[in-house]
Structures are given as structure tokens and as C-alpha cells.
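To start, the structure itself, in C-alpha cells.
The values are calculated or read from the model by the stated rules, or taken from the named source; none is laboratory data. Not measured: the values here are computed from a predicted model. In this analysis, Cβ positions are derived from the backbone assuming ideal geometry, glycine residues included, and neighbour counts consider all displayed protein chains.
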Amino acid sequence: MRATTTRGRKRAAFIALTAAGALALGACSGDSGGPGGGGDDDGGSSESGDVEIRFSWWGSDDRHQTTQEIIALFEEKNPGITVVPDYTDWGGYWDKLATTVAGGDTPDVITHEERFIADYANRGVIADLESLDIDTAEIPESIVDSGRVDGTLYGLATGVNAYAMVADPQIFEEAGVEMPDDTSWTWDDFVQVSADLSEAAGDGVWGTQDIGFNEAGLNILARQKGQTLYNEDGSLGVDQETVAEFFQIGVDLQEAGGTPDASRTIEFQNAGPEGSLLGTNAGGMGIWWSNQLGALSDASGHELELLRVPGESEYERTGMYFKPAMFYAVSATTEHPEESAAFVDFLLNDPEVAQMQLTDRGLPSNLTVRESITDQLADADARVADFMADLEDEIVDGPPVPPNGAGDVQDIMINLNSEVLFGSMTPDEAAEAFLTQVADATEG
Amino acid sequence: MTDTPVRPDAPTDRQRVREQRPLSELAAEIPDTPRKRKVGPRARRILKHVLLIGFGLVMLYPLLWMLSSSFKPNEIIFREPGLIPTELDLTNYSQGWFALLHPFHHYLLNSAIVVLGSVLGNLISCSMAAYAFARLKFRGRPLWFAIMLMTIMLPIHVIIVPQYILFSSLEWINTFLPLIVPKLLATDAFFIFLMVQFFRGLPKELDEAARLDGCGHGRIFLRIMLPLSLPALATTAIFTFIWTWNDFFSQLIFLTDPEMYTVPIALRTFIDSTSASSWGPLFAMSIVSLVPIFFIFLFGQKYLVKGIATTGIK
Amino acid sequence: MSVIQEVAKTRGASRETRKGDGKAAAIFLAPWFIGLGLITAFPLLASLYLSFTDYSLLEAPNWIGLENYTEMFADPRWTKSLAVTFQYVFISVPLQLAAALGLAMVLDRGLRGLAFYRSVYYLPSLLGSSVAIALLWRQVFGADGLVNQVLAYFGIEGVGWVSHPDYALGTLMILNVWTFGAPMIIFLAGLRQIPTMYYEAASIDGASKLRQFFNITIPLLSPIIFFNLVLQLIGAFQTFTQAYIVSNGTGGPIDSTLFYTLYLYNEGFGSYNMGYASAMAWFLLLIVAGLTAVNFFASKFWVFYDD
């Protein structure tokens, strides 16, 4: 039986009923793999036949289906390894992951995200991937580096996304407003265009959805001005003036009539891509991650376009960046590091995987693989690929991995931006609060 | 309150109880005719129906909206949010049924197993504990009762991790045991308390009489308390059914293999805030999963209202 | 069984009653005791222990004494979440109970099709914790929702109620009242336990409906009212799912729906401060246990048992 000694120790600890003992063992024990999967061999050595590894990811039904097919393909190509799927939606995913880690049942291969990876890396939950046999030759170094925490490689990017403006040309056309030139537009132009569009399009249609709820937008503005949201060491690299300026954009939009009123804005914000301003044909623009273009286009029924974020030529440099869509990470305590590594390698480098999932986990980070699917991409996916290819030369670098506690920052952002939009805080007050609260959340 | 409640004098007549009258005779004194209400004039009755239907429609609006949206193609649910669907499209149902790793009935079946186990467990174990708390005198009763209530005052979120560690050390993770065994062991204090309240509402003379008839606690419990508490048992069964059917968090945490997933977990996999969500299939399958509980309720509710007034003792 | 044996047994039984039923109680409570010892106690005590530690879930806990508690009292968001929760509990619980009792009486008897009505009125409670509820609630209380459509008919321009900091909590209270099904059912079952002869006797005495309600229904239903009050209170303090789903997990807008348990959850699972979350939970337990104790004490004055 797998992990009998660990189990035995754990049970002994439990019988002793020292809560401390049980919890400590839970968190530290080297147990891993599916707790229900009793089919493993005794020691986890790779030669001795059947090995079971657990792979966890988040998503919705489409992703679950393709991932099942991918797993089936892997099992076919690697007899002797069984991959147990473990999936749920984004919200439930993190609760479950943390609980299984606490219980000593960490999945062997974990899908991760940049805002949480430092939390897991710094606490020794996930392994140094460079000690494992995973081929990263085809992945650009900047993308590989996006998974480093303090120099150690903890995550390999599944693919990349860009935070970009999404526009609905049909709404622009119907309103008789010209689409902006995204290579030269400034933030002021953006406010102006939004106001014009609201004005021209009439009741129930607005220029843009508010852009202030995600710290990625702030990061882009900061980078344009030669700053950065987080420094390499995890401290804040943005000054109060810039944060205030970012919140001010929301106020300007509201005053100029480019966005709906505050409570309607929050309603759109909470409704996901399908219920968003663009998704319901109630507006011309919105800022999204590039991989959401498909969902937005489907919902709107229009052919949406990706535009550069405003201000790319306004300040010192360009601010847009490629964000690792997700990471694959491997448990530090897995009993099957080799099989886990083989699976990650397969996910990243096998062209057939890419054929199946296309851009669902971001535009593939393996360039050869990316090329091999480019001509198969249709509609929205193709437009994303083209857009990203155009950006390739303009993007200077990528921001470092966010520090521990970065998962809280979006909540802080949502909260403060709401304060600003409802007029209960000035942009300056919100900026000050932002810096204190983020520093609090990310210390330690 | 100064008014003492109106009490019947018949069953409190100790003298007659001492005469060792058979229980059936005693029970016959409890009226079993439905309360005769003078049914108002026709107009008033119709008005009542109209009001009930009207209010019901307002209350059901969100549900009706969901029902109607489940017939709309996924893309137009948000663009055309009106209540009346322009077309009747069943693809959400067929798509939703087969969208996940297993067809949807697999999850329905898993949920049914968990639910059945939970209902049985709660019915047996909670009613037993309740009988002890309601009718037996033993040392430390108030203290144990307080402890019992305390166990439901902590939010699940802080006990789920220790629970996980406990069940994991028992190797129960990814089985239905963590969901069913606790119910067999009366960990649902809500229902213990519920039945305590109902048991205490039953005339004590009944079990005193039974005792004089020579019944032990076991028989009093089985022959008198349980049959007379049918509404409480039905409430327990129905609530356990519904709450287990809808319970998301513990099922999410304790079941890791999609093979074992239940309806609430399956429903969540239709939506994901970071990518595209299948709202149409979600609505369709939500409706599907509501159907069993609606019918359970529709048929179960007649036991809910079978109070002492309509139950005889045999 | 001979008559003598039977009599002897009866005597024995009645003597046993006077002395207490320790043995019988042990048998009837056995499952509960086993459950308490094996399943309930450990997680409970573990969370108490964790409340004195720094516990990230990802690493072993670290004893820090009372630090979580002192930090809590200095945390403005904690105070806010407490305020939100108290406001919610003290407004929505009485409203929900009143609605439940009122409808239980209407749906008790005397009309055709009651079984159907009962089921229909229970339906919303089945939906209360569905993932779809956020969307459905937006259909009613959103900027373009049902409520505003009705208001517009009267020429009044509403706001987006669900996402306005002044009204969002109110819509959640309405959501709670809307799911009155559970207490309604318990009331219905309780009403059915009141023997009809009381009403008949009262009618003969010429007591009005209102008097019957206060002199028969309320006293005889009081154990059930008490039950609903105690448990709805305990439940309302732990309100989580609806606020979590409707506000997208943020407790927004501007923390206006930051329920205690939602904040606790965000601290525990979002910020990996499970120690702090446990401290919050135990403080909540103190509040709820205190209120429940008060409730039990007060019940001596208004709850009538038949024993």
C-alpha cells in the first residue's frame, strides 16, 4: 500500500489527539497522489509498472472535456502511468487545493496562477522544475522566467495572454464613430472616444466598461511611466501619483459619460464575459485578457477586435506585457516526480495537445507548437494570435512574479475603485489606501 | 404573557389513566376529524386563490426566468433577457446532459446515494438523541444539550480543514463516507433540536400511560413518539434531502475524483469566472436537478401536515 | 407474561423514572456520543487550537498566543463585517419568521390545492444556494431588473439595487426572506400538532380569531417558534453562500455585504490566514452562544411545553 508509513504516523498522531501534531504532520508529510487512488505501487519508483499521478486544474466544461482527451492521449503514449483528473471552477479550485495541501494530499501536477504561485513556492509546496526533466528549449526565455520566484523555477507557463482593449467595430460603425488608432491613442483619447460613443450610440449603449477593477491595468500604466506594480523583491514599485492617475481615469470616464453609472458598472463587472457590456451589446469597449476574446465574441454575436491599451506611445515606454496564462507546477512532495515531469513535458511540448486545446490555456508558450496550430485557429483565436504576433516586437519585458499575498490585491482594487466610482473617496485617497493595503497584504 | 393557554382537560385526568385503559382507546380521544372551518363565501375563496397565485408568481419570477432561459441558446440569454423565449430550444438540455466527463445521470445517481444515506442516518440517529434529550432524565443533560448546539455554531470554513485531515487519516477521502457516516452519528444538531421540540410538544400523559401499560423506553420511542412525530420526521427527511442535495462545499472538498462528483459539483463545472461559462446548460441542468426535489417535496408534504390531530396509534 | 410480572415491570419502570434514566439515555445517545467523540470534537478543538496560531494551510501552524485576537479587535474590516452581520440578522430573521408563520397559517388548511401552493412557495428555498442565484437576483434587483421595470411604469427611476452600497445588503435581506420555505414548513408541521379541539372549544366560547391566535396558536406553537428563532439566528450569523455568490466573493460594493463568515472565508482561504479565520470563528461562536443562552433564558417566560 502506498504511503503506509506516512498514514501510520498520521493516524498515530491523530489518536494521540494532539491537534498540533496532526495538523503539522498533515502539512509536512510527504504523502501525495490521489487519496482515493489505491492503485499505486509500493514505493513510487518509476520502473515498477503502474503509477498514478493526480492532475488538478480549474475551468469550465469545455476545458474539462479537452483535458480529459489530452489525458487519454498521454496515457496511451505512456503506458503504466495513469492520470487522475481533479477539476473544478476557479473559485472552488483554490479552496480545495489549499485543503488538500493542508491534509498532505497535494496533487502531483498542479495548475497554478501568477498571483498565488509565490504563496505556494515560498512555503515549499511546489518543486524546483529545473531539477526535473522537462524540456524548455522551445519556450522563449522571458516566458520561462515568468515562473521564477527568487530565481528558482516553480512554474512553467502554459501559454501567454495579454491584457488588452477589446472593441466592437459594429457598435462604433452603427454610432458613426471612428475606431481609434490604437498605436497612438492616449488615455485622454480613450476617455474622449468613450464619451463620443456613448453620446452617438444613444440610450442603453455606453462607450466602455470601467477599466479600474483589475490591477493589471494599473501595472500597464505604471510600466508606461517607467515604474512597475511590484519590484523583483516583491515590494511595491509604483508611486501614489500614478495610482491616483489610474483611478482618475475612471472618474473622467464617468464624468464624460463614457461609462454607465457606478452601480450599473459593478453589475457589469460581476457578470463575467457573458453579461458584460460587450457581451450584451451595450457598449463599444472593455479591457480584458486576450484569451477572453472568444467568450466575448460568442456572447456578443459580433466580431470583436483587440486593440492596444491606450498610452503605449504616450510616456517613456510601452507597458503591455505577456502574462503567463497559467502555470504547470509539480508538488514538492510527489512520490512520482519523473512521471509528473513527463506529463508536464507532454502538456507543454506535444503538438497534439495544442491541436486539442488550441488557445484555451493561452497562446502556447512553446513557439514551435504555437506555429503548428496558427493556421488552424479560427475566428477569435486567430485574431488573438495575430494581435499577439504584432505585439511581439513592442513588448519590452515581463513583470516579475507577484509576491506572497498578491491574490488579495484584486479585491483591494475592486473595493477602492468602487469607493472612487461611488464618490466616497477621491482618487488620491484611494491611491494612498491602495499603497498601504497592498503593502499590508503582501508583506511576509 | 398572563393568559394561560387553553388546555384540554380530558387526557390530564389521572384517575382515568390509572384505570389502565388501552392506548388505542386513549388515542381515540384525540380528535382525528380535520378542523371544520366555515368556508367563506365563494368570492372570498376565489380572492384567496388569486392572491396566492399572484404572490406565488412574483416569488417564482427568478425561477421562471431561469426556466425560460434554459430554452434559449447560450449566446442570447444575456442579450435578450426577456421572460418569454422566442423559440423553444432544447439543445441546452442535451448539451448539458453530456457536457461533462459522465452523463448527468451519473451525478444524479451519486447525489442520490449520498442523500439516501444522509436521510436514513439523520432519521435514526437524530430521533434517538432527541428522545433522550426530550424525555429522559440523566445527569448533565443541560450541559450536553448546550454542547450539542455549540457544534453547529462554527462556520464550516474553519472546521473543514481539520475534518479533511481527520477523514484523510481514515482514508475516507474520495468516498461517500465523510458525507454519510457523520449523519449516522447524529452530528446534525439542527434535527436533534427540531425533534426535541416536537417530542416535548406531545402530551406526556401518553408515554406515562404507555409506561403503565408496561412499555419500556424502546417501545415508547418506537410505538408512540415516532408515529406521533411524523411531521417532524418528514421535515427532517425532506430537509436533509434538500440540504444534502444542494450542499456544495463539503462535497467539493471530500470528493476528488470526477467519478464521484455529485450534482452541485457538476453544476459548478459549467461556469468559470476566468473563461467562458455555459450558462444555458447550467440553467438546464439546474432545472433537471430541481425536478426530483420538487417532486419529493410535493409528495412528502402530506406527511408534513399529518399532525397528531390526524394520526391514530395502532 | 403473567399479570404479576407485568405489574412488577410496570412498577420498576415507574420507579426508574423517578430516579433518572441514565442507562436508557446512554443507549439513545450512543450514536451522538460516538459522533461527538470521533467526528465532531477533533475539528472543533483543532480550530480552537488554530485560532492561537499563525496557520497558512500550506505550512505547519505556529503558536502565536492571542495575537490573532488582538489583531482582530484592531481590524476595521472585522468591525465592519460584524456590523453588517448584526444588521442583517436583526432585520431579516424576524421578517423571515413573520413571513414564514403568516404563510404557514394561510397554507395550513381550508382551501383546495394547498399541497400545490406549499410546494410552489417552497421552491425559492431550493434555489437559495444555487450558483445561478447571483444572476437571478440581478434579473430582479439589477439596474434593468424587474423591480425597476415596475418602478419605471410608475415613472420612478430606480438604481441598480444589487450593486449599490446603500441597498445591496437590503437585497440580500430580501433574498433571505424570500427563502422562508424551511421555517414555513416547520411551522406548518407545528400547527398540525395543535389539536383542533382547542379551537373548537374556543369558538364555542365565542373567542375571536385574533384571540384564538394569541391564546391558542402562539402558546402551543411556542416551542416551534422558539426552535425557528434559535436556529435561524444561528444560521443567519453564518450567512455565507448568498453573499458570496451575489457579490462575486468580494463582499462588495465597498464592503457593504461583507458578512462575517464571508470575511472569515476570504481571510482563511483567500489570504491563507487560517489562524486568523479560526480566531474570528471562535469569537463568532461566543456571540452566537451568548445570544442563544439569552434566548433559552428568555424562553422560560414565553415558551410552553407540555411537561
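Working only within region A:126-183, note down all residues that are in a loop (DSSP other than H, G, I, E, B) and more than 30 Å from A:E305 (Cα to Cα).
Looking only at region A:126-183, we keep the residues that are in a loop (DSSP other than H, G, I, E, B), and these are A:127-128, A:132-140, A:146-147, A:150-151, A:154-155, A:158, A:168, A:176-183.
Of everything in region A:126-183, those that are in a loop (DSSP other than H, G, I, E, B) and more than 30 Å from A:E305 (Cα to Cα) turn out to be A:A127, A:D128, A:L132, A:D133, A:I134, A:D135, A:T136, A:A137, A:D150, A:G151, A:Y154, A:G155.
For the list (1) more than 14 Å from chain C (Cβ to nearest Cβ); (2) surrounded by fewer than 23 Cβ atoms within 10 Å (Cβ to Cβ), I need the number of the one condition that A:G423 fails.
Looking at each condition in turn, A:G423 falls short on (1).
A:N270 fails exactly one of the following numbered conditions: (1) closer than 22 Å to A:R115 by Cα; (2) within 14 Å of chain C (Cβ to nearest Cβ); (3) at pLDDT 90 or above. What is the number of that condition?
All conditions are met except number (3).
Could you go through region C:115-135 and let me know if any residue there is more than 7 Å from chain B (Cβ to nearest Cβ), within 18 Å of the chain's Cα centre (by Cα) and part of a helix (DSSP H, G or I). I'd like the intermediate steps shown before the answer.
Filtering region C:115-135 for residues more than 7 Å from chain B (Cβ to nearest Cβ) gives C:116, C:125, C:128, C:133-135.
Restricting the remaining residues to those that are within 18 Å of the chain's Cα centre (by Cα) gives C:125, C:128.
Retained after the next criterion (residues that are part of a helix (DSSP H, G or I)): C:125.
Checked against the condition, which is being more than 7 Å from chain B (Cβ to nearest Cβ), within 18 Å of the chain's Cα centre (by Cα) and part of a helix (DSSP H, G or I), region C:115-135 yields at least one hit.
Could you check how many residues of region C:1-56 are modelled with pLDDT of 50 or more and outside any helix (DSSP H, G or I)?
Our first condition is that a residue be modelled with pLDDT of 50 or more; within region C:1-56, this holds for C:19-56.
Still in the running and outside any helix (DSSP H, G or I): C:20-21, C:29, C:51-56.
So the count comes out to 9.
Considering region A:107-164 alone, what residues qualify as being free of Cβ contacts under 8 Å to residues at least 24 places away in the same chain and among the basic types (K, R)?
If the condition is that a residue be free of Cβ contacts under 8 Å to residues at least 24 places away in the same chain and among the basic types (K, R), then A:R123 is the only one that fits.
Looking at (1) among the β-branched types (V, I, T); (2) surrounded by 15 or more Cβ atoms within 10 Å (Cβ to Cβ); (3) free of Cβ contacts under 8 Å to residues at least 60 places away in the same chain, can you tell me which one C:V89 breaks?
Looking at each condition in turn, C:V89 falls short on (3).
From C:P124, C:P61, grab the single residue that is more than 24 Å from B:S125 (Cβ to Cβ), buried (at least 16 other Cβ atoms within 10 Å of the Cβ) and either touching a Leu at 6+ places or on another chain (Cβ under 6 Å) or of a type in the set (K, R) (or both). Reasoning before the result, please.
Numbers: C:P124 fails: either touching a Leu at 6+ places or on another chain (Cβ under 6 Å) or of a type in the set (K, R) (or both).
Matching residue, one of C:P124, C:P61: C:P61.
So, in region C:41-52, how many residues would count as being over 26 Å from the mean Cα position of the chain (by Cα) and more than 8 Å from every other protein chain (Cβ to nearest Cβ)?
The total comes to 1.
Residues that are within 28 Å of A:F116 (Cα to Cα), touching a strand residue (DSSP E or B) at 6+ places or on another chain (Cβ under 9 Å), assigned to a strand (DSSP E or B) and touching a residue at least 24 places away in the same chain (Cβ under 8 Å): does region A:334-357 have at least one?
Among the residues of region A:334-357, not one is within 28 Å of A:F116 (Cα to Cα), touching a strand residue (DSSP E or B) at 6+ places or on another chain (Cβ under 9 Å), assigned to a strand (DSSP E or B) and touching a residue at least 24 places away in the same chain (Cβ under 8 Å), which makes the answer no.
Residue-by-condition table, conditions (1) more than 9 Å from chain B (Cβ to nearest Cβ); (2) surrounded by fewer than 18 Cβ atoms within 10 Å (Cβ to Cβ); (3) in a helix (DSSP H, G or I):
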| residue | (1), (2), (3) |
| --- | --- |
| C:I225 | yes, no, yes |
| C:Q232 | yes, no, yes |
| C:A243 | yes, no, yes |
| C:G251 | yes, no, no |
| C:S278 | no, no, yes |
| C:L285 | no, no, yes |
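Which fully enclosed helices (runs of 4 or more DSSP H) of region A:365-444 have 2 or more residues being within 30 Å of A:E255 (Cα to Cα) and in contact (Cβ under 8 Å) with a residue 60 or more places away in the chain? Before you say what the answer is, go through the steps one by one.
Numbers: elements: A:367-374, A:379-391, A:409-421, A:427-442.
Because the criterion is at least 2 residues that are within 30 Å of A:E255 (Cα to Cα) and in contact (Cβ under 8 Å) with a residue 60 or more places away in the chain, the helices (runs of 4 or more DSSP H) in region A:365-444 that meet it are A:409-421, A:427-442.
Take C:T257 and decide whether it is more than 9 Å from chain B (Cβ to nearest Cβ) and touching a residue at least 12 places away in the same chain (Cβ under 8 Å).
Working: more than 9 Å from chain B (Cβ to nearest Cβ): yes; touching a residue at least 12 places away in the same chain (Cβ under 8 Å): yes.
For C:T257, the condition - more than 9 Å from chain B (Cβ to nearest Cβ) and touching a residue at least 12 places away in the same chain (Cβ under 8 Å) - is met.
Residues checked against (1) surrounded by fewer than 24 Cβ atoms within 10 Å (Cβ to Cβ); (2) in contact with a His (Cβ under 9 Å, 6 or more places away or on another chain); (3) not in a loop (DSSP other than H, G, I, E, B):
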| position | (1), (2), (3) |
| --- | --- |
| A:A244 | yes, no, yes |
| A:E255 | yes, no, yes |
| A:Q269 | no, no, yes |
| A:T280 | yes, no, no |
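Which condition from (1) outside any loop (DSSP other than H, G, I, E, B); (2) away from chain A (no Cβ under 14 Å); (3) farther than 23 Å from C:L127 by Cα is the one that B:T236 breaks?
Failed condition: (3).
Do we have any residue at all in region B:102-118 that's within 30 Å of C:L286 (Cα to Cα) and in contact with a Leu (Cβ under 8 Å, 6 or more places away or on another chain)?
For region B:102-118, residues within 30 Å of C:L286 (Cα to Cα) and in contact with a Leu (Cβ under 8 Å, 6 or more places away or on another chain): present.
Could you tell me whether any residue of region B:134-145 is touching a Ser or Thr at 6+ places or on another chain (Cβ under 8 Å) and within 7 Å of chain C (Cβ to nearest Cβ)?
So in region B:134-145, the residues touching a Ser or Thr at 6+ places or on another chain (Cβ under 8 Å) come out as B:137.
Next cut, within 7 Å of chain C (Cβ to nearest Cβ) only: B:137.
So far as region B:134-145 goes, yes, one or more of its residues are touching a Ser or Thr at 6+ places or on another chain (Cβ under 8 Å) and within 7 Å of chain C (Cβ to nearest Cβ).
Of the conditions (1) more than 9 Å from chain B (Cβ to nearest Cβ); (2) in a helix (DSSP H, G or I); (3) free of Cβ contacts under 8 Å to residues at least 40 places away in the same chain, C:A236 clears all except one; give me its number.
Result: C:A236 passes all but (3).
Filter region B:81-111 down to residues that are within 23 Å of B:L67 (Cβ to Cβ), without any contact (Cβ under 8 Å) to a residue 12 or more places away in the chain and not in a loop (DSSP other than H, G, I, E, B), then give me how many there are.
Qualifying residue count, region B:81-111: 3.
Specify the residue that is modelled with the lowest pLDDT; the eligible residues are those in region B:66-87 that are aliphatic (A, V, I, L, M) and surrounded by 20 or more Cβ atoms within 10 Å (Cβ to Cβ).
Let us first name the residues in region B:66-87 that are aliphatic (A, V, I, L, M), namely B:66-67, B:76-77, B:83-84.
Adding the requirement that they be surrounded by 20 or more Cβ atoms within 10 Å (Cβ to Cβ) leaves B:66, B:77.
Working: B:M66: 85, B:I77: 77.
The extreme case among them is B:I77.
Determine which single condition A:N219 fails, assuming it passes every other condition in (1) over 30 Å from A:D168 (Cβ atoms); (2) at pLDDT 90 or above.
If we test A:N219 against (1) over 30 Å from A:D168 (Cβ atoms); (2) at pLDDT 90 or above, just (1) comes out false.
Restricting attention to region B:252-280, which residues are buried (at least 24 other Cβ atoms within 10 Å of the Cβ), farther than 15 Å from C:I133 by Cα and more than 7 Å from every other protein chain (Cβ to nearest Cβ)?
Across region B:252-280, the qualifying residues are B:F254, B:L255, B:Y261, B:T262, B:V263, B:A266.
Does region C:173-198 hold any residues that are farther than 29 Å from C:S163 by Cα, among the hydrophobic types (A, V, I, L, M, F, W, C) and touching a Phe, Trp or Tyr at 6+ places or on another chain (Cβ under 8 Å), and which are they? Explain how you work it out, then say what you get.
Taking region C:173-198 as the starting set, the residues that turn out to be farther than 29 Å from C:S163 by Cα are C:184-198.
Adding the requirement that they be among the hydrophobic types (A, V, I, L, M, F, W, C) leaves C:184-189, C:191, C:194, C:197.
Of everything in region C:173-198, those that are farther than 29 Å from C:S163 by Cα, among the hydrophobic types (A, V, I, L, M, F, W, C) and touching a Phe, Trp or Tyr at 6+ places or on another chain (Cβ under 8 Å) turn out to be C:M184, C:I185, C:I186, C:A189.
Consider region B:188-213. How many of its residues are crowded, with 24+ Cβ neighbours inside 10 Å and outside any helix (DSSP H, G or I)?
The total comes to 1.
Determine whether A:L218 is under 30 Å from A:A137 (Cβ atoms), under 28 Å from the mean Cα position of the chain (by Cα) and crowded, with 16+ Cβ neighbours inside 10 Å.
No.
May I ask you to list the residues in region B:214-233 that are part of a loop (DSSP other than H, G, I, E, B) and either under 25 Å from B:I296 (Cα atoms) or in contact with a Leu (Cβ under 6 Å, 6 or more places away or on another chain) (or both)?
Here is the first cut: in region B:214-233, the residues part of a loop (DSSP other than H, G, I, E, B) are B:214-216, B:229.
Passing the criteria: only B:S229.
Confirm whether A:G92 is touching a Lys or Arg at 6+ places or on another chain (Cβ under 8 Å), of a type in the set (G, A, S) and outside the structural domain of A:G283 (by TED's automatic domain parsing).
Working: touching a Lys or Arg at 6+ places or on another chain (Cβ under 8 Å): yes; of a type in the set (G, A, S): yes; outside the structural domain of A:G283 (by TED's automatic domain parsing): yes.
Considered against the rule, which asks whether it is touching a Lys or Arg at 6+ places or on another chain (Cβ under 8 Å), of a type in the set (G, A, S) and outside the structural domain of A:G283 (by TED's automatic domain parsing), A:G92 comes out as yes.
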